[in-house]
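Following: one structure in structure tokens, then a few remarks.
Just so it is clear, none of the values below were taken in a lab; they were calculated from the coordinates. None of the values given here were measured: they were computed from a predicted structure. Glycine also receives a Cβ, built like all others from the backbone with ideal geometry; neighbour counts cover every protein chain displayed.
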Amino acid sequence: MVRLEELDINKKVISLLQNLGVTKLFPPQVSAFETGVLQGNNLVLAIPTSSGKTLVAEVCMLKAILDGRGKALYLVPLKSLAREKYDDFKKYETLGITVAMSVGDYDSPGTKLREADIVVMTTERADSIVRHKVDWINEIGIIIVDEIHLINDTSRGPTLEMVLAKLIQMIKVQIIALSATISNADEIADWLDAELVKSTWRPVPLSEGVYLEGEIDIFEEGRYEKKSTRQIPRKYKDEVTDIVCDTLDENGQVLLFVSSRKSTIAMAKRLAPSLRKYLSRDSIEDLLRIAKKIGKTPSSPDESKTLAKLISEGVAFHHAGLDNQERALVEDAFKDNLLKVVVATPTLAAGVNLPARRVIIRDYRRFEQNRGSYPIPILEYKQMAGRAGRPKYDQYGEALLIARSESEKDALIEHYTLSDPEEIYSRLASPTAIRSHLLASIAAELTRTYPEIDALISKTFYACQNNQKNITHHVESALVFLEDGKLIEISPAGKYVATPLGRRTSQLYIDPQTAILFRDVLAQTDEHTQLGMLHMICHTPDQPVTYVSRTELEEYEVFVDDNSNEFLIEPPDIEEEHYVDFLGEVKTARLLSEWISESTDRDITERYGVGMGDVHRFVQSAEWLTYSASEIARIINKPTHIPLLHSLRSRLKYGVRPDLLELVNLRGIGRIRGRMIHNQGLRNLTDLYHVPINDLARIPTIGRAIAESIKKQLGADFPSSPTSIDDSTDDEDLGSIQTLLEDFT
């Protein structure tokens, strides 16, 4: 059996790991290192959460770097995971290893990344790097693919699959794929020509069970006979509260999964009164400090203020509608064992490493607008259940489903507790996905002929799971679409080449359908309005949009009628299937319009029924698409649209009216401070240059430190001050301002 100190790697690495508390290897890690992975063999490591996947990847990355085989590329599906890994890998800088992260700006080649030894990227950012044909790709010696099972995801899977296929075609590289346990991990290993290590071993044993009327039937993971039956004392009116408090009585923490955002808030409120007795005086003080960082201003959304109050009581909710700062505060407080319970939607299970003593899945059904109510996949249940058991804290972890009848209990045990997760499948057959990735490969000159396209597709997981007839049909259909859309053409030499529009579409990382829409709409007129442009952005397949509820239908039907002359895209007839979707696009365009008109967070979230996380997602996507539209306008020689698009992009970035654009370009000046300065008659940089620094510092929300920063950026002289913070601004105000700055800039 391989021991840590016997690994074939630089002794400084082993010494550092030992200093970090790694004293021995887990059984799955031993099995992984026995495959020859340190000698460059490919590996698929399919083991549970907290079983040591990342350590294997880290040791292999360091081995490749220190042996001179090249830099390491670490691929993750989410930005939150990228930041988590980047922060974690910085511990290796003491060995002279440099670490970089890149998760955005799809139109940048990322030349600065050349200097890094370890580059952490989202899959989409890696795809954009390949599309830009950067030469440092040839320096990659090892690729780590975290969460490889997300190939099964309809939105992210095709990109992950094609990025790997392109890199395999372009360079000779070692691949290590990490995954939770999946049923057909052997197929993934065959695809990647890799050794497979598959295990259910955990450092903290997991039990799975189903609760019904005060009693839990408990099963050991992977075993079909019932392990035991446990009684839960009934102390409260609500059974979920009983189960939660039973865990807290043993000094555990709870992750509670429910089906909707509204349910996370309602459940957290229901639990809060019962948690006070589990909080120490010190933890209450710490929680109050965290709570003060959220929802401090009068214009903060009510949901943020509710979250702050609940955090102070030891419980929080977590869903995609929270902004980045709120999510990070909740996650960190739970990791630090300050929060006792987090009530979340299932998105948390795939987002960050957040284990708990007990995981409770209250809702195993989900509702979607166009699909209705349906049971979640077993794979998703297993991901949630796998969060049970905190290494270094718990002797065991427990995942519970909640039943409401004896027959439902039996069904849950059979379908979820005792079943293996579904096999995963390639999602590359999606017409949208295959069009986009074929265009990208042609634009990057990776594939110029049909045999070259065939060779690239043959390296995908899709090719491993489908027959040639199906593959040919989907590829030929995609090529016809791209030719008809004038994104590619066949050269006199009989080769596929991207047109200028096709090449820029690929570089901008937008859907081919989006580029065609922009071209056709912008080419047909020189006239435009703000609403028309914003709706055009929201009509693309790349822009996330909200939906119109039944109670809002009449309002938006009237709005469309009243503003029909502004739309660049003809509204469908009211009887048409897509009419409600069109109204959702219009609603999102109105939301964006309010954002750039400086409406407050509270007004936007309440008026449109969304969270600030949603607003930021809508805004960031629209900002990029507005830039992309200006680039398409340039290519098709329609310059009349470009000034408005450039202005809209800047206003979306900062959330301001046009008169603030000059001011908010200063570092540290967002929409709040910018408006305060403007209201004092300081309209431009020249005014700021000449205003006395003491007058500038007296403006609400500015203070001495910000005033000095402004003057330094403008190159203006000013008298030095004995203090860097204006006496009129106390610490609490500064915290509020910092929160606003993070939200708006």
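Give me E380, E577 ranked fewest to most by other Cβ atoms within 10 Å of their Cβ, as a rough exposure proxy. Spell out each step's value before the answer.
Values: E380 20, E577 7.
So the residues, fewest neighbours to most, are E577, E380.
When the chain is fully extended, how far beyond the present Cα-Cα distance does R667 get from R114, taking 0.36 nm per residue of separation? Spell out each step's value before the answer.
Values: separation 553, 0.36 × 553 = 199.08 nm, distance 2.73 nm.
This chain segment gains 196.4 nm when fully extended.
Quick one, which of (i) 82, 61, 57; (ii) 73, 72, 62; (iii) 80, 65, 59 is the actual Cα extents along the principal axes in Å calculated for this model?
From the options (i) 82, 61, 57; (ii) 73, 72, 62; (iii) 80, 65, 59, the structure gives (ii).
Check each of the trypsin sites (Lys or Arg not before Pro) in segment 622-682 and keep only those in coil by DSSP with at most 13 other C-beta atoms within 10 angstrom; list them in order. Walk me through the numbers before you get to the answer.
Details: sites: R634, R649, R651, K653, R667, R671, R673, R675; in loops: R667.
Within segment 622-682, the qualifying trypsin sites (Lys or Arg not before Pro) (loop, at most 13 other Cβ atoms within 10 Å) are R667.
With charges only on Cβ, +1 for K and R and -1 for D and E, what is the dipole size of segment 539-637 about its Cα centre, in debye, rounded to 20?
Numbers: 7 positive and 23 negative charges, 108 e Å.
Dipole magnitude for segment 539-637 comes out near 520 debye.
Work out the charge dipole of segment 4-198 with +1 on the Cβ of Lys and Arg and -1 on the Cβ of Asp and Glu about the Cα centre, then indicate which of I65, I143, L95 is farthest towards its positive end.
Most positive-ward Cα: L95.
Compare the Cα positions of L522, Y496, A478 along the charge dipole of segment 457-523 (+1 at Cβ of Lys, Arg; -1 at Cβ of Asp, Glu; about the Cα centre) and return the one farthest towards the positive end.
Among L522, Y496, A478, the one farthest towards the positive end of the dipole of segment 457-523 is Y496.
Within segment 196-247, which GluC sites (Glu not before Pro) sit in a loop by DSSP and count at most 12 neighbouring Cβ atoms inside 10 Å?
In loop regions of segment 196-247 (DSSP not H, G, I, E or B), the sparsely surrounded GluC sites (Glu not before Pro) are E213, E225.
Which trypsin sites (Lys or Arg not before Pro) does segment 429-498 hold that lie in a coil by DSSP with at most 14 other beta carbons within 10 Å?
Values: sites: R435, R448, K459, K469, K486, K495; in loops: R448, K459, K486, K495.
Of the trypsin sites (Lys or Arg not before Pro), the ones in loops of segment 429-498 whose Cβ has at most 14 other Cβ atoms within 10 Å are K486.
If you count, for each residue, the other Cβ atoms within 10 Å and average over each peptide, how do 279-291, 124-136, 504-516 line up from highest to lowest? Write down the numbers at each step before the final one.
On the way: 279-291: 14.6, 124-136: 20.2, 504-516: 22.9.
Result, highest mean first: 504-516, 124-136, 279-291.
Return the long-range amide H neighbours of E215 (sequence gap of 5 or more, or a different chain), with a cut-off of under 5 Å between placed amide H atoms.
Sorted by chain and number, the residues that satisfy this are I232.
What FRET efficiency do you get for K486 and E527 if R0 is 25 Å and r is their Cβ-Cβ distance, rounded to the nearest 0.05?
Details: r = 24 Å, r/R0 = 0.96.
The calculated FRET efficiency here is 0.55.
List the residues, sorted by chain then number, that are 5 or more residues from L196 or on another chain and whose placed amide H is less than 5 Å from its amide H.
Here the answer is V44, since their amide H atoms fall under 5 Å of that of L196.
Label E423 and Y236 with points 7 Å out from Cα along Cα→Cβ: what is the distance between them in nm?
A separation of 4.3 nm, rounded to one decimal place.
Relative to the Cα centre, what is the charge dipole magnitude of segment 206-417, using +1 at the beta carbon of each Lys and Arg, -1 at the beta carbon of each Asp and Glu, and rounding to the nearest 20 debye? Before the final figure, lay out the partial values.
Numbers: 35 positive and 33 negative charges, 147 e Å.
Charge dipole, segment 206-417, about its Cα centre: 700 debye, nearest 20.
Where the only charges are on Cβ atoms (+1 Lys, Arg; -1 Asp, Glu), what is the dipole of the chain about its Cα centre, to the nearest 20 debye? Please report the intermediate quantities before stating the final value.
Values: 89 positive and 111 negative charges, 392 e Å.
The dipole magnitude comes to about 1880 debye.
Could you give the nm distance between label points at N10 and E213, where each point is 7 Å from its Cα heading toward the beta carbon?
In this crude spin-label approximation the distance works out to 6.4 nm.
How much space per residue, in cubic angstrom, does the convex hull of the C-alpha atoms of segment 431-508 take up? Walk me through the numbers before you get to the answer.
Working: hull volume 6.8 nm³, N = 78.
Dividing the Cα hull volume of segment 431-508 by its residues yields 87 Å³.
Could you give each residue of segment 391-397 its phi-based ³J(HN,Hα) in whole Hz, using Karplus coefficients 6.51, -1.76, 1.60 with θ = phi - 60°, and x for Gly or Pro?
x, 6, 10, 10, 7, 7, x
For I361, which sequence-distant residues (separation of 5 or more, or a different chain) have an amide H within less than 5 Å of its own amide H, given hydrogens modelled in the peptide plane?
The list, which skips near neighbours in sequence, is F257, L400, L401, I402.
Using θ = phi - 60° and the Karplus curve 6.51 cos²θ - 1.76 cosθ + 1.60, what whole-Hz ³J(HN,Hα) does each residue of segment 244-251 get, with Gly and Pro shown as x?
4, 5, 4, 6, 5, 4, 9, 6
What ³J(HN,Hα) values, in whole Hz, does the Karplus curve 6.51 cos²θ - 1.76 cosθ + 1.60 give for segment 577-588 when θ = phi - 60°, with x put for Gly and Pro?
Each residue's phi maps through the Karplus curve to give 4, 8, 5, 5, 4, 4, 5, x, 5, 5, 4, 5 Hz.
Of L4, N41, L17, which is farthest along the charge dipole of segment 1-52 in the positive direction, counting Lys and Arg as +1 and Asp and Glu as -1 at C-beta?
So the residue we want is L17.
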